[in-house]
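Bear in mind that the values in this text are calculations on the coordinates, not laboratory data. Note that the coordinates shown come from a computational prediction; the quantities given were computed from them, not determined experimentally. Quick reminder, even Gly has a Cβ in these numbers, built from the backbone with ideal geometry, and neighbours come from all protein chains shown.
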Amino acid sequence: MSSLHTISRSSQHELLQACLKIINPGDEILFIEDGVYYCCDKKSLSLISRDNYVYGLREDLVARGLRDKQDALVEVVGYHKFVELTVQHSKTVSWF
């Protein structure tokens, strides 16, 4: 039973570090809103296990001028995939 973790604040709030303390293998992370700033933060992204898949919401990356600046580790997705991810996982944990 995997979980989807949505992170909506920038790295100033250290939400990723808190998330990584409880995340399980197979859980996935979706960066949304100001959380997409993590998508360009190689140091923070390096803390994420390869057992956890990472996504960034396209619309939020574009709105912040980050669309082509995200790390290769991050898969850019739209709202349709966001909905699919919430349905696919047994639980969604929102970090805000």
Within region 50-57, can one find any residue that is under 25 Å from Q88 (Cα atoms) and surrounded by fewer than 17 Cβ atoms within 10 Å (Cβ to Cβ)? yes
Quick one: is S49 in a loop (DSSP other than H, G, I, E, B), in contact (Cβ under 8 Å) with a residue 24 or more places away in the chain and not acidic (D, E)? yes
Taking region 24-61 and keeping only residues that are within 8 Å of the chain's Cα centre (by Cα), more than 17 Å from E14 (Cβ to Cβ) and among the aromatic types (F, W, Y), one is left with Y55
Restricting the search to region 1-46, which residues are part of a helix (DSSP H, G or I), in contact with an Asp or Glu (Cβ under 6 Å, 6 or more places away or on another chain) and farther than 16 Å from A72 by Cβ? S11, E33
Kindly provide the set of residues from region 76-96 that are surrounded by 12 or more Cβ atoms within 10 Å (Cβ to Cβ) and farther than 17 Å from V54 by Cβ, ordered by number. F96
Would it be correct to say that D68 is on the phi < 0 side of the Ramachandran plot, exposed (fewer than 13 other Cβ atoms within 10 Å of the Cβ), outside any helix (DSSP H, G or I) and out of contact with any Leu (no Cβ under 9 Å at 6 or more places or on another chain)? no
